[in-house]
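Working notes for the structure below.
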Amino acid sequence: MEKRRVGSYLLVRHLGTGGMASVYEAVHEVIQRRVAVKVLHPEAGRSTETINRFLNEARAANLVSHPGLVQITDFGNLPDGSGYLVMEYLQGETLAERLEASGRKLAPEDAVQIGIQIASAIHACHKKGIIHRDLKPGNVMLVPDSATATGERLKVLDFGLAKLIEVREAAFVKTHSQAVLGTPLYMSPEQCEGAGRVDAKTDVYALGCMLYEMLTGRPPFLGDGPG
């Protein structure tokens, strides 16, 4: 890719693209620190709702101090108005990739260890009044860590849909009560009915769906479409 600068960071490699933003490996030009930079698509940057979700991701991730949550260290805007987040650079694989490589199932002891780490990270969020609202295998990353008993540490990613409860009045995102946001295979019934109604139990439901999938090789409910 053509070298591009974002703030003090030089983008060196494209890591992935989603509906709202692209993620790059980057290096701070002065101290040579390696990071990941998430850059809003220019068209998404024109949407107030999308920008608010982007800001909400930075705010939610930094309200909680927990080793199982990805660290966001900086935020800024490009000349075209697009926002960007600077995050810790993680080397590993998502839980979705691990499931795909393992034939869709994990050993029960591996599923338990992953479930414990997800529960710990989400419990820390809930104590701060934060609901993730989009827990799924693609938003959980497994990275090598020799300091843990299993040799790897779990990181929960993507707080763009997070709902801040205790700081509701100061939250950047105010979702319409009838909006349905999330990933249908892992969404609780109340979340499917409307994003404004969810509480911490919606993350517990999503974790249950993920544990079921890790043990059986498929999500608990399948259908031909989101409905």
Within the bounds of segment 20-43, is there any residue that is surrounded by 15 or more Cβ atoms within 10 Å (Cβ to Cβ) and among the acidic types (Asp, Glu)? yes
Per the filter on segment 88-123, residues open to solvent by less than 30 Å² (accessible area, probe 1.4 Å) and in a helix (DSSP H, G or I) are LEU95, LEU99, ALA111, ILE114, GLY115, ILE118, ALA121, ILE122
For a quick check of your reading: which strands (runs of 3 or more DSSP E) sit entirely within segment 1-60 and have at least 3 residues that are more than 15 Å from the chain's Cα centre (by Cα) and under 13 Å from MET87 (Cβ atoms)? 21-28
I need the full set of residues from segment 61-87 which are in a loop (DSSP other than H, G, I, E, B) and within 21 Å of the chain's Cα centre (by Cα), in order please. VAL64, SER65, HIS66, PRO67, GLY68, VAL70, GLN71, SER82
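Residues checked against (1) in contact with a Phe, Trp or Tyr (Cβ under 9 Å, 6 or more places away or on another chain); (2) more than 17 Å from ALA58 (Cβ to Cβ):
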site	(1), (2)
VAL6	yes, no
TYR9	yes, no
HIS14	yes, yes
GLY18	no, no
VAL27	yes, yes
LYS38	yes, no
Residue count for segment 124-145, restricted to those that are open to solvent by 40 Å² or more (accessible area, probe 1.4 Å) and more than 17 Å from GLU88 (Cβ to Cβ): 4
From the residues in segment 193-222 that are open to solvent by 60 Å² or more (accessible area, probe 1.4 Å) and modelled with pLDDT under 85, which one is farthest from ILE118 (Cα to Cα)? GLU193
Among what's in segment 44-68 and is aliphatic (A, V, I, L, M) and open to solvent by 20 Å² or more (accessible area, probe 1.4 Å), pick the residue that is nearest to ARG153 (Cα to Cα). LEU63
Conditions (1) open to solvent by 30 Å² or more (accessible area, probe 1.4 Å); (2) assigned to a strand (DSSP E or B): number failed by LYS155: (1)
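The values are calculated or read from the model by the stated rules, or taken from the named source; none is laboratory data. Remember, it's a predicted structure, so these values are computed and weren't measured experimentally. Positions of Cβ are backbone-derived with ideal geometry, glycine not excepted, and every protein chain shown enters the neighbour counts. Only protein heavy atoms, including side chains, enter the accessible area calculation; ligands, DNA and RNA are left aside. Shrake-Rupley method; radii C 1.70, N 1.55, O 1.52, S 1.80 Å.
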